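The values are calculated or read from the model by the stated rules, or taken from the named source; none is laboratory data. Predicted model, so just to flag it, every value in this text is computed and none were measured. Virtual Cβ from ideal backbone geometry, glycine too; neighbours counted across all protein chains shown.
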Amino acid sequence: MLTSKQRAYLRGRANDYETIFQVGKGGINENMLEQIDNALEARELIKLRTLENSDFFAREAAETIAEELGADVVSVVGSRFILYRESEKNKKFDIEKLCIIEEEKKPAKKVQVKPAMKRKIAKKLARKGK
């Protein structure tokens with residue numbers, strides 16, 4: 001169960017997210033649940049929506065999916081809803097500290113500067129008096 005501060009933090013993080021699943025007239029089936037389960041494991045936080053021709057309202061769909069997959073409903077606004085479930089392998093958020101977990105940074109690539117470019121840089125630095 002998420003606290004109100006955690007929900008507010010996750011709602012803010014999901015603001016820039018695109019909707020990746022839609023609940024339509026086909027409803028919620030096993031295939032859809034499996035795909036949402038995989039997305040939650042990979043991303044932890046996903047945004048979904050219900051279409052106008054769906055048999056579900058957004059709140060009903062959110063609660064049904066969350067109950068089936070062991071996720072938490074972060075927010076329901078209009079036809080869109082946000083789900084969160086902590087990932088076992090791909091942790092992106094530290095929900096206790098309300099921050100993003102830094103991924104290991106890859107070392108920067110060494111850029112090879114051509115000799116002609118080195119001369120240009122040297123001339124510019126000489127003009128500036130460095």
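Laid out as a table, the results:
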item: Near pairs, Cβ below 6 angstrom, 6+ apart or cross-chain, from the stretch 102-130 (over 30 Å from Lys92 (Cα atoms)) to any residue that is assigned to a helix (DSSP H, G or I) and at pLDDT 70 or above; result: none
item: Residue match in the stretch 55-71 (condition: closer than 23 Å to Met1 by Cβ and β-branched (Val, Ile, Thr)); result: yes
item: Scope the stretch 13-47; condition assigned to a loop (DSSP other than H, G, I, E, B) and within 18 Å of the chain's Cα centre (by Cα); matching residues; result: Tyr17, Glu18, Glu44
item: Leu83 at pLDDT 95 or above, on the phi < 0 side of the Ramachandran plot and of a type outside the set (Lys, Arg); result: yes
item: Single residue of Lys5, Lys105 found to be at pLDDT 90 or above and loosely packed, with under 13 Cβ neighbours inside 10 Å; result: Lys5
item: Per-region count, the stretch 29-57, residues of a type outside the set (Lys, Arg) and in contact (Cβ under 8 Å) with a residue 40 or more places away in the chain; result: 6
item: Some residue of the stretch 77-98 being free of Cβ contacts under 8 Å to residues at least 40 places away in the same chain, in contact with a strand residue (DSSP E or B) (Cβ under 8 Å, 6 or more places away or on another chain), of a type in the set (Ser, Thr, Tyr) and not in a loop (DSSP other than H, G, I, E, B); result: no
item: Subset of the stretch 1-46 (residues that are of a type in the set (D, E, K, R), within 13 Å of Ile65 (Cα to Cα) and in contact with a Leu (Cβ under 8 Å, 6 or more places away or on another chain)); result: Asp37
